[in-house]
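Okay, so here's the structure we're looking at.
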Amino acid sequence: MKFIVRLHAEITIKSKGVRMRYGKVLVNNLKSILRRNQLDAKVIWCWDRIEIVVAEGVADEQAAAEHISQLLQCVPGIAWFSRSYELPLSEADGQADFAAMVPTVLQVWGQELAHKSFAVRVKRKGTHSFRSIDLERYIGGAVLQQVAGTKVNLGRPDIDVRIEVDQDIVRIFGTKQPGLGGFPLPTQETVLSLLSGGFDSSVASFQLLRRGARVHFCFFNLGGAQHETGVRQTAYYLWQKYASSHPLKFISIDFAPVVEEILTKVDNGLMGVVLKRQMLRAAELVADKLNTAAIVTGEALGQVSSQTLSNLSVIDEATQKLVLRPLITMDKQEIINIAQQIGTADFAKSMPEYCGVISNKPTVKAQRDALLAAEAELNPELIQQVVRQSGVLDVSTIGEQAAAAVTAVASLTVAAAGQCEIIDIRAADEAELKPFVATDASITVRHIPFFKLATKFAELDPDITYLLYCEKGVMSQLQALYLQEQGYQNVAIYKP
């Protein structure tokens, strides 16, 4: 089994040396990701493409192909990829044997082509006794004869059947699947993203990961352990989905003392802007320790009062670090749409809002002199203090730490009828794709997506033990910890 991976266009137009460097970084990233997912495959750099060759003897080839496809869709630096079915170009009496290609074409495309329009696209490398159009016409005629309801449409076909003849090798490509684009990690400099767990900050973090920047996460905790647990889930998801080839850090800063001081010493209208300035000062200290080049926020122009041009200008004056705002011109709905596409929307929906500093009449044009006067009343050592006390952990260990932390929660492999029920906490699309069915038909199975679990759990029978199920067990561990912190003891993890 082989996959062909094509580099993002912005990589291919770079100089030879840069293209080579980016390509080899992507190769190493793919090797790391496949190895982490226990997939035995070789990754080969071929200049104009990357080949992934899966070792023979895979028990379930279709499942392995789907798994690899899911992984490749989330790797920065890939323009598109597809499965490749290869066969030698055979010739007889100086003529290429086109007929030998037809069975493979029908095997790959036969079912999908039925009752659809198509076009055959052939590309050749090398010198051959035929033209590309000759092969296109032959394969197209064979499809028309052998697949019911097909018709040729060279302008806007339903399906493009793509064939590449490379010297004496014929590659028949499967479905062309889009990649993320962007640049491989970490071909750009490292940044520190201010992650709150909401829609904006998670999308902003993703945008920098996609552009090849290693992204560490800085979280300002205003809501205690439950708030941090939720944000950790978001950070872990982003790392596991889009950046698992490299270690990322999660820094948690208890910002409650800073907020308390602002509430007692700062004029109501300036509170929001002062809070943002204090956050940037703290983030700068963290960024210096991690040697990061910039700070990333999820701010969008005019979304709230602190995000006017005037306020953003004076907020940026609090730090000497470059502040990146990848969402600056986006509407809220655009941001939510991207969050849904990348999978962080469900986390954001479940994230409680912790508005530690709420101004009744916030200024939209804070004056520099007024800000400096207000901040003169604040303790300059407090920011240093909360940063020194911050917690730092490797994002990759969040799942493991959650499992270790759930000490009072059992992990069960068998569910007992009448004593417990199973809750499938996966998102709706994942549950529909791979429905969970209990081995014992008498066991009740509920589907409550993880982002609704915190509110729905209070409505459940407290005398029944509920077993949380997800495919890999990480999300169920995190949710079990979250519920335990809320005081629920009738919860366990189901690991069939």
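The values are calculated or read from the model by the stated rules, or taken from the named source; none is laboratory data. None of the values given here were measured: they were computed from a predicted structure. Cβ coordinates were reconstructed from backbone atoms using ideal geometry, including for glycine residues, and neighbour counts include every protein chain displayed. These area figures cover heavy atoms from the full protein model, side chains too; ligands, DNA and RNA do not enter into them. Shrake-Rupley method; radii C 1.70, N 1.55, O 1.52, S 1.80 Å.
If the chain between K151 and K361 were fully stretched, how many nm would it gain, using 0.36 nm times the residue separation less the Cα-Cα distance? Please list the in-between numbers first.
Working: separation 210, 0.36 × 210 = 75.60 nm, distance 6.55 nm.
Contour length minus the Cα-Cα distance gives 69.1 nm.
If I stretch the segment between R368 and D158 completely, what's the gain in nm (0.36 nm per residue apart, minus their alpha carbon distance), one decimal? It would help to have the intermediate numbers written out before the result.
On the way: separation 210, 0.36 × 210 = 75.60 nm, distance 5.95 nm.
Taking 0.36 nm per residue and subtracting the Cα distance, the gain is 69.6 nm.
Each Lys or Arg adds one and each Asp or Glu takes one away; over the other residues whose Cβ falls under 15 Å from the Cβ of R19, this sums to +4. Rank Q233, Q307, F219 by how far each Cα sits towards the positive end of the charge dipole of region 186-394 (+1 on Lys, Arg Cβ; -1 on Asp, Glu Cβ) and give me just the farthest. Among Q233, Q307, F219, the one farthest towards the positive end of the dipole of region 186-394 is Q233. P462 sits among other residues whose Cβ lies under 14 Å from its own Cβ, and their net charge, with Lys and Arg +1 and Asp and Glu -1, is -3.
With a sphere of radius 15 Å drawn around the Cβ of F118, what net charge do the other residues whose Cβ falls strictly inside it have (Lys, Arg +1; Asp, Glu -1)? Working shown, then result.
Values: positive: K116, R121, R137, K151, R156, R162, K176; negative: E112, E136, D158, D160.
Within the 15 Å Cβ shell, the charges total +3.
What 222 nm value per residue comes from the helices of the chain, counting each DSSP H run with n ≥ 4 as -39,500 (n - 2.57) and dividing by all residues, nearest 500 deg cm²/dmol?
Working: 18 runs with 200 residues, N = 496.
After summing the helix terms and dividing by the residues of the chain, the value is -12000 deg cm²/dmol.
Which length gain, in nm to one decimal place, applies between A256 and Q389 when the Cα-Cα distance is subtracted from 0.36 nm times their residue separation?
On the way: separation 133, 0.36 × 133 = 47.88 nm, distance 1.25 nm.
Once the chain is fully extended between A256 and Q389, it gains 46.6 nm.
Close lysine pairs were tallied over region 186-394: pairs 8 or more places apart or on different chains with Cα atoms under 25 Å apart number 21.
Between the residues L71, V122, I133, the greatest Cα displacement towards the positive end of the dipole of region 1-176, with unit charges on the Cβ of Lys, Arg, Asp and Glu, is found for L71. Charging the Cβ of each Asp and Glu at -1 and of each Lys and Arg at +1, and nothing else, the dipole of region 1-176 about its Cα centre rounds to 960 debye.
Modelled spin labels at I13 and W45, positioned 7 Å past Cα toward Cβ, are 2.3 nm from each other.
Placing +1 on each Lys and Arg Cβ and -1 on each Asp and Glu Cβ, with no other charges, gives the chain a dipole about its Cα centre of roughly 1500 debye.
Each peptide in 376-384, 41-49, 173-181 gets a packing score, the mean of other Cβ atoms within 10 Å over its residues, and the list from highest to lowest is 173-181, 41-49, 376-384.
If r is the Cβ-Cβ distance from E112 to S69 and R0 is 22 Å, what FRET efficiency results, to the nearest 0.05?
On the way: r = 15 Å, r/R0 = 0.70.
Efficiency, from the Cβ-Cβ distance: 0.90.
Report the antiparallel proportion of the DSSP beta bridges in the chain as a percent, rounded to a multiple of 5.
Working: 32 of 70 bridges.
The answer is about 45 percent antiparallel.
Against the chain, whose longest principal axis is taken from its Cα atoms, helix 199-210 shows a tilt of about 50°. Between 0 and 90 degrees, the angle of helix 16-36 with respect to the longest Cα principal axis of the chain falls at about 80 degrees. Entry comment: accessible area of the chain is 47 Å² per residue, from protein heavy atoms only and a probe of 1.4 Å.
Here the accessible area of the chain is 49 percent carbon and sulfur, with a 1.4 angstrom probe and all protein chains present. Distance between the modelled labels on Q38 and D267, one decimal in nanometres: 6.2 nm (7 Å Cα→Cβ projection).
In region 161-178, whose amide N lies under 18 Å from the spot 7 Å out along Cα-to-Cβ of H128? List them in ranges. Only 161-174 pass the distance filter.
At a Cα cut-off below 20 Å, give the lysines reachable from K495, other chains included and same-chain residues fewer than 8 away excluded. Straight-distance partners of K495: K434, K472. For the chain, the relative contact order works out to 13 percent when only alpha carbon pairs closer than 8 Å and six or more residues apart are counted. Label sites at Q489 and L144, each approximated as a point 7 angstrom past Cα along Cα to Cβ, lie 7.6 nm apart. Output the 0 to 90 degree angle, nearest 10, between the alpha-carbon long axis of helix 332-342 and the longest principal axis computed from the alpha carbons of the chain. Approximately 50 degrees, to the nearest 10. Cross-link reach is defined here as a Cα-Cα straight distance under 19 Å, omitting same-chain residues fewer than 8 places apart; for K151 the aspartates and glutamates meeting it are E112, D134, E136, D160. Can you compute log10 of I(q)/I(0) for the chain with the Debye formula, treating each Cα as one identical point scatterer, at q = 0.10 Å⁻¹? Debye output, listed in q order: -0.91. The residue among L393, S205, S15 whose Cα reaches farthest toward the positive pole of the charge dipole of the chain, with charges on the beta-carbon of Lys, Arg, Asp and Glu, is S15.
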